[in-house]
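J.: I have a structure I would like to understand better, so I am pasting it below and will then ask my questions one at a time.
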Amino acid sequence: MNFPRARWARRPLLVPAALTALAALAPGALATAADDLPAPEHGLNLLVVGIDSRKGVTEEEKERYRLGGRECDCTDVMMLVHVSAAHDRMDVVSLPRDSLTTLPGPHQDRRTGKAHDAHPAKINNAWAEGGPAFTTKVVESMTGLPVHRYLEIDFRRFMDTVDRIDGGVPVCTEQPLKDPVTGIDLAPGTTRVRGGEALQYVRSRRADGQMDFGRIRKQQRFVVNTLERLRDGVLGDPERLKALAATLRGTGAADRGVSAAELVVLAGRLKNLATARTAFATVPVRGFNPDIEGVGSTVAWDEEGAAEVFGRLGRDEPLPPADAVGPSEIPAAVYRPADGTSLICP
C-alpha cells in the first residue's frame, strides 16, 4: 500500500550541522566512539530488537494503552539493518517473530537455570532463553551475516523516545485501523501519534487481517516517518539529539551493544543518505509449518529466497527485487521491498 511521496522525501536522512555541533560538545566521547564503531569492508550490520517488557511502565499507562496483559519477555520486533560500506545505502530486513529456528545447544536457560540441548523454537524465544548475546548468535546462524552492533528497545524506552519528538510521528492508513487488543483506533488518513499511541500502533496485528506481517509493515513505516520527523527539529539541536540518543539506547549492558555516542557517529556516516536510498523488506517466507509440540504455529522461511537476500547483503549489494524471489503461500507475506520514500505519510 503506497502513499504519495512528500515533496521533501529525497532530503538526506541526517543533518551534518547538528552532528558537528554535538561533536563540539563532547569531542572525547565521540572520538572514542568513532574508533570503536566498526566500518567493515562489506558494510555494517545492526540488529535492532523490540522487547515485550513493561518494566518502568506505570499502572495508569498499562490501562490506557492496553499493556496489562502478561509480558512474554521476548522479542516482538527484529530488524537487521545493513549500512553499506560507502554509507550510501541502508537496507532493513524484518524477521517475523514466529520464524522457526533451532536454538543451539547446550545452553543454559537464563530464566530457570535449566540446561537445554539444541531444540526447535520461535526466533523470538531466543532472547527469553539466552538474552542478547544468544539472540545475536541465533540471528547470525540463520542469516549467515555477522552482527556488528545490537540495539534493544523496551516499551518504556520506545514511548520516551517518541515523546522527545515535538508534535509526535505521523502514521497513515487508507482504512480505519481499530485493534481491540492494543486499543488503537485511527480514522483513514494521517494522524500524529505520541509515545503511548505510537506503541499501540507498532504493536497492532489484529486490525487488518494480515497478522504479524501487517504489523511489520507498520513498524517499517513508523521507522521511516520517525526519521523524517527528526529532521524537523531534533537533529538541528545538539542537546536534544544527545538526549534522544541516550533515551533510545538506555543504560543496559549487552554484548556488542551500540552506545549512544556510536549512534551519533553512525548518523554522521549517513549524513548524505537520501530516503530513496533506503529499502525495507521482510525476509522471504514460504508458509506456515505444521504445529510443533511445545512450540506451536511457526513461520517457515523460503530458504532460497532468504539466501538470496542475505547473500546480497553479505556482498554489500542492494536487496534483490521482488521478482528474484519465489511466491509465498501466505499472501500477506509476499516479498516486496519498498524504498523509503514510498513509506512516508503525506
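Read-outs throughout are calculated quantities, based only on the coordinates presented, and are distinct from any laboratory measurement. The model shown is predicted, which means the values in this text are computed figures rather than measured ones. Please note: Cβ atoms are built from the backbone with ideal geometry, for glycine as well, and neighbour counts cover all protein chains shown.
J.: Would you work out the relative contact order for region 42-134, in percent, from Cα pairs under 8 angstrom that are 6 or more residues apart?
T.: Relative contact order here is 25 percent.
J.: Let me make sure I get this right: for region 129-180, a, b and c are the square roots of the gyration tensor eigenvalues over alpha carbons, sorted descending. Under 1.5 in a/c it's rounded, otherwise prolate if a/b > b/c, else oblate. Which is it?
T.: Working: a/c = 2.55, a/b = 1.87, b/c = 1.36.
Prolate is the answer for region 129-180, as a/c is 1.5 or above and a/b outweighs b/c.
J.: What is the ratio of the Cα radius of gyration of region 252-346 to 2.2 N^0.38 Å, with N the residue count, to two decimals?
T.: Working: Rg = 17.2 Å, N = 95, 2.2 N^0.38 = 12.4 Å.
Against the empirical 2.2 N^0.38 Å value, I get 1.38 for region 252-346.
J.: Considering only Arg312, Arg269, Arg110, give the residue with the highest GNM mean-square fluctuation for the chain, with springs between Cα atoms whenever their separation is below 10 Å.
T.: Answer for the Gaussian network model of the chain: Arg110.
J.: Beyond 19 Å, what share of the Cα-Cα pairs of region 54-156 is found? Please give it as a whole percent.
T.: Working: 2703 of 5253 pairs.
When all Cα pairs of region 54-156 are counted, 51 percent exceed 19 Å.
J.: Answer with one residue from Val169, Thr58, Cys72: the one whose Cα lies farthest towards the positive end of the charge dipole of the chain, charges on Cβ with Lys, Arg +1 and Asp, Glu -1.
T.: Comparing the listed Cα positions along the dipole, Val169 ranks first.
J.: Would you calculate a helix-derived [θ] at 222 nm for the chain, using -39,500 (n - 2.57) for each DSSP H run of n ≥ 4 and dividing by the full residue count, to the nearest 500?
T.: Working: 10 runs with 118 residues, N = 346.
Calculated mean residue ellipticity at 222 nm is -10500 deg cm²/dmol.
J.: For a label point 7 Å from the Cα of Arg206 along Cα→C-beta, name the residues of region 155-183 whose backbone N is under 16 Å from it.
T.: 177-183
J.: Per residue of region 277-283, in order, report the coupling 6.51 cos²θ - 1.76 cosθ + 1.60 (Karplus, θ = phi - 60°) as ³J(HN,Hα) in whole Hz, putting x for Gly and Pro.
T.: Values, residue by residue: 9, 10, 9, 10, 8, 9, 3 Hz.
J.: In sequence order, what are the phi-derived ³J(HN,Hα) couplings for region 291-299 according to the Karplus relation 6.51 cos²θ - 1.76 cosθ + 1.60 with θ = phi - 60°, rounded to whole Hz, with x for glycine and proline?
T.: Each residue's phi maps through the Karplus curve to give 4, 10, 4, x, 10, x, 7, 9, 9 Hz.
J.: Put one equal scatterer on each alpha carbon of region 119-256, apply the Debye formula with no solvent term, and list log10 I(q)/I(0) at q = 0.15, 0.16, 0.22 1/Å to two decimals.
T.: Rounded to two decimals, the profile gives -0.89, -0.99, -1.31.
J.: What is the magnitude of the charge dipole of region 16-343 about its Cα centre, with +1 placed on the Cβ of each Lys and Arg, -1 on the Cβ of each Asp and Glu, and no other charges, expressed in debye to the nearest 20? Write out the running numbers ahead of the final one.
T.: Working: 40 positive and 46 negative charges, 133 e Å.
It comes to approximately 640 debye.
J.: For a quick check: with amide H placed at 1.01 Å from N, whose amide H comes under 5 Å from Val299's, ignoring anything fewer than 5 positions away on the same chain?
T.: Ser99, Leu100, Asn289
J.: Could you tell me which of Thr190, Leu37, Thr247 has its Cα farthest along the dipole of the chain towards the positive end, charges placed at Cβ (Lys, Arg +1; Asp, Glu -1), taken about the Cα centre?
T.: Thr190
J.: Over the chain, what relative contact order in percent results from Cα pairs under 8 Å that are six or more residues apart?
T.: Details: 673 pairs, mean separation 88.4, N = 346.
26 percent.
J.: Work out the FRET efficiency for Glu303 and Glu239 from their Cβ-Cβ distance, taking R0 = 56 Å, and round it to the nearest 0.05.
T.: Values: r = 48 Å, r/R0 = 0.86.
The computed FRET efficiency comes out at 0.70.
J.: At what distance in nm do the modelled label points of Asn272 and Ala133 sit from each other, each positioned 7 Å from its Cα along Cα→Cβ?
T.: For Asn272 paired with Ala133, the spin-label model returns 3.9 nm.
J.: Return the equivalent ellipsoid semi-axes of region 58-104 as a descending list in whole Å, where each equals the square root of 5 times an eigenvalue of the C-alpha gyration tensor.
T.: Calculated on Cα positions only, the semi-axes equal 32, 18, 8 Å.
J.: Taking a 24 Å limit on the Cα-Cα distance, which of the listed pairs Lys62/Lys218; Lys62/Lys137; Lys137/Lys242; Lys62/Lys122; Lys55/Lys271 fall beyond it? Working shown, then result.
T.: Values: Lys62/Lys218 21 Å; Lys62/Lys137 33 Å; Lys137/Lys242 30 Å; Lys62/Lys122 26 Å; Lys55/Lys271 34 Å.
Pairs exceeding the cut-off: Lys62/Lys137; Lys137/Lys242; Lys62/Lys122; Lys55/Lys271.
J.: Taking every pair of alpha-carbon atoms in the chain, what share in percent sits in each 20 Å bin, from 0 to the bin with the longest distance?
T.: For the chain, the pair-distance distribution reads 30, 63, 7.
J.: For the chain, give the share of DSSP beta bridges that are antiparallel, in percent and rounded to the nearest 5; count only bridges with both residues there. Intermediate results must be reported in sequence, preceding the final value.
T.: On the way: 33 of 45 bridges.
Taking every DSSP beta bridge with both residues in the chain, the antiparallel ones total about 75 percent.
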